[in-house]
Amino acid sequence: MMYNAKIVNLNDRIIPFEDGMKLEDLLKQVQDELPYPVYLAKLDNAYRALTHRMSHDSQIEFLDLRNQETWLVYQNSLILIFIKAVHDLFGKKVLITVNNSLNKGLYITSTHKFTEEDVEAVKVHMRELVDADLPIVKEHSTKEGVRQLARKQKLTEAVKLLESITNIDDVEIYSLEDEIQIFYDLLVPSTGYITIFDLNIYRNGLILRYPHPGNPLELAPYEEQELLYNAFSEATKWGQLMNINFVSDLNERIIYDNVEDMFLMQEALHEKRISDIADMIRDKGSRVVLICGPSSSGKTTFAKRLCIQLGVNGFKTLYLGTDDYYKEIDERTYDENGEPDLESIDAIDTALFTRNINDLLEGKEVDLPKYDFPSGSKIFGKRITKLEKNQLIVIEGIHGMNDRLTENVEDHEKFKIYISPFTPISIDHHNRISTTDARLLRRLVRDHKFRNAPAQQTISMWPKVRSSEDANIFPYNSRADVFFNSNCIYEFAVIKKYAEPILKRIRRNEKEYAEAQRLLNFLKFFDPIYDDSYIPNNSIIREFIGGSVIVK
């Protein structure tokens, strides 16, 4: 029987196909017309592996690495190939742990101590596996079957995870020849898809590198991210202090109703770190504190808690935002869609900003602007101020790390803080949790609760938010004096009860459905914390779930 496929990213071209045809076979007919290699498809608004067989008239969008889920598919497929190569060369007893994103790749540790010769041998074997284009076979298994597999392979954390969750009946396992592993996401059909990668020794582990959404055709330039390494190391130590390293550990705390101390311990760790940063600012003698971070990092709560700690150190603070320094409406620049570009630094009147900052530092009285968004112009005469003795300027904004914002302010006057939620726990040893997903879930809940925005709207605008971060925030975070980890180790379990209902409202015929289902599938691994009343009211997570005494 014949059906029709409407290919969304080929101007809705209609292509007939036979019942049972694989998406992969349909892709072969059109791949040359697509801009980048494809690793996944969205079929009738649901993510589907390229091995999926079609059986009805369908709307299909072929996805490349510019899509978040596809990027994860590539990473997970690469991890399986890497594990296979390591086990072939050094034996299956070698335990691989995928820790976090770092240096434009994944930071991996292992029970095997790799030499340069070992790494070269692994790369060669990975390339052999890719060139052989070996099938990656997906099978469904009962939870008990997967639990037995995990026990056999001594995957302790996977066993504990499967025992701690009650709402999953079956799990997908993937095999690459004799290598069988548990992945909680989709993978590519065969090794031949994963052609771009590299592997390098880094500190006590390895960096497994892969292409990034900004350029799907080649590896991103290597970038040393020592501050990020230190931030994730600190996050790992926090997890060890609370004895929570994997999702199963968190679930056990919830199951046995032992969460109050966890809430308080997390807040104590945050407060100590904020206090330490306030001491660093005092010791450096800086008078301008710049706070920058991507969307939903908790910048507002952090900034105000920092101001309190600076007060403990004897400083008053003047709190400024860069939104009041947008250029006048007739000076605006526009993006490729003809919409006002309010994200790039070119949207900011940096000359006025730096002049105001320097005048304040020199003790002059300054007429600070207030931007009126309806008219698209700055209003003056309402905030005339001057710095008092022992008063610091605290600035929150996405361009805080970009020197163009404060290019006329002396370096010794500036203290730069980068903030983001660096997730310290993983699902298991090779299924990590993306920091990006942590921020997206935070924003979904906050936008719905405080901005009356449906989940569809937040999901729809997220790619544009991420694109702006890639252009305006991430390239500059290495200029920070210090990183602050705003993650609350329990936050997925708390956010779950807020996020699930709004995600479930997204229907199959809506284009955001696939992403909603991906997030719902991720949240299944967490037992929910329904009673969050013990979370302190100055906690960063309160900025997103409500009840904050700082952000109202």
Handout entry: So L129, is it surrounded by 14 or more Cβ atoms within 10 Å (Cβ to Cβ) and touching a residue at least 24 places away in the same chain (Cβ under 8 Å)
Key = yes
Exercise for the section: Could you list, in sequence order, all residues of region 246-276 that are surrounded by fewer than 17 Cβ atoms within 10 Å (Cβ to Cβ) and not in a helix (DSSP H, G or I)? Expected result: Y256, D257, N258
Problem - Filter pass, S101 being of a type in the set (G, A, S), within 25 Å of the chain's Cα centre (by Cα) and more than 27 Å from L50 (Cα to Cα) - result: no
Completion exercise
In region 50-74, anything under 19 Å from F522 (Cβ atoms), in contact with a strand residue (DSSP E or B) (Cβ under 7 Å, 6 or more places away or on another chain) and modelled with pLDDT of 95 or more is listed as L63, T70, V73
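Can you work out which of the residues in region 183-197 that are in contact with a Phe, Trp or Tyr (Cβ under 8 Å, 6 or more places away or on another chain) and touching a residue at least 24 places away in the same chain (Cβ under 8 Å) is surrounded by the most Cβ atoms within 10 Å (Cβ to Cβ)?
Among those residues, the one meeting the criterion is L187.
When you scan region 434-473, how many residues do you find that are outside any helix (DSSP H, G or I) and surrounded by fewer than 19 Cβ atoms within 10 Å (Cβ to Cβ)?
Pass one, region 434-473, residues outside any helix (DSSP H, G or I): 434, 452-454, 473.
Pick out the ones that are also surrounded by fewer than 19 Cβ atoms within 10 Å (Cβ to Cβ) and you get 434, 452-454.
Total satisfying the criteria: 4.
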Handout entry: Cβ-Cβ under 6 Å pairs, at least 6 apart or on other chains, region 315-338 side over 30 Å from D279 (Cβ atoms), far side surrounded by fewer than 19 Cβ atoms within 10 Å (Cβ to Cβ) and acidic (D, E)
Key = T333/D341; T333/D346; Y334/D341; D335/D341
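Condition check ((1) closer than 27 Å to R479 by Cα; (2) outside the structural domain of C292 (by TED's automatic domain parsing); (3) crowded, with 16+ Cβ neighbours inside 10 Å; (4) more than 33 Å from the chain's Cα centre (by Cα)) across all residues:
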{"site": "Q309", "(1), (2), (3), (4)": "yes, no, yes, no"}
{"site": "G321", "(1), (2), (3), (4)": "yes, no, no, no"}
{"site": "Y325", "(1), (2), (3), (4)": "yes, no, yes, no"}
{"site": "K378", "(1), (2), (3), (4)": "no, no, yes, yes"}
Fill in the blank from the handout: Residue count, region 396-410, condition loosely packed, with under 14 Cβ neighbours inside 10 Å and either within 12 Å of V289 (Cα to Cα) or without any contact (Cβ under 8 Å) to a residue 24 or more places away in the chain (or both), comes to 1
Exercise for the section: Count, please, the residues in region 474-499 that happen to be touching a residue at least 40 places away in the same chain (Cβ under 8 Å) and either closer than 21 Å to H399 by Cα or not in a helix (DSSP H, G or I) (or both). Expected result: 16
Practice task
Among the residues of region 113-152, count how many are at pLDDT 95 or above and part of a helix (DSSP H, G or I).
Solution key: 16
Exercise for the section: Inspect region 95-115 for any residue being of a type in the set (D, E, K, R), on the phi < 0 side of the Ramachandran plot and touching a residue at least 24 places away in the same chain (Cβ under 8 Å) and give the result as yes or no. Expected result: no
Completion exercise
Reported set for region 194-249 where residues are farther than 24 Å from Y418 by Cα and of a type in the set (V, I, T) is I194, T195, I196, I201, I244, V247
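The values are calculated or read from the model by the stated rules, or taken from the named source; none is laboratory data. All values reported here derive from a predicted model rather than from experimental measurement. Don't worry about glycine lacking a Cβ; one is built from the backbone with ideal geometry, like all the others, and counts go over all protein chains shown.
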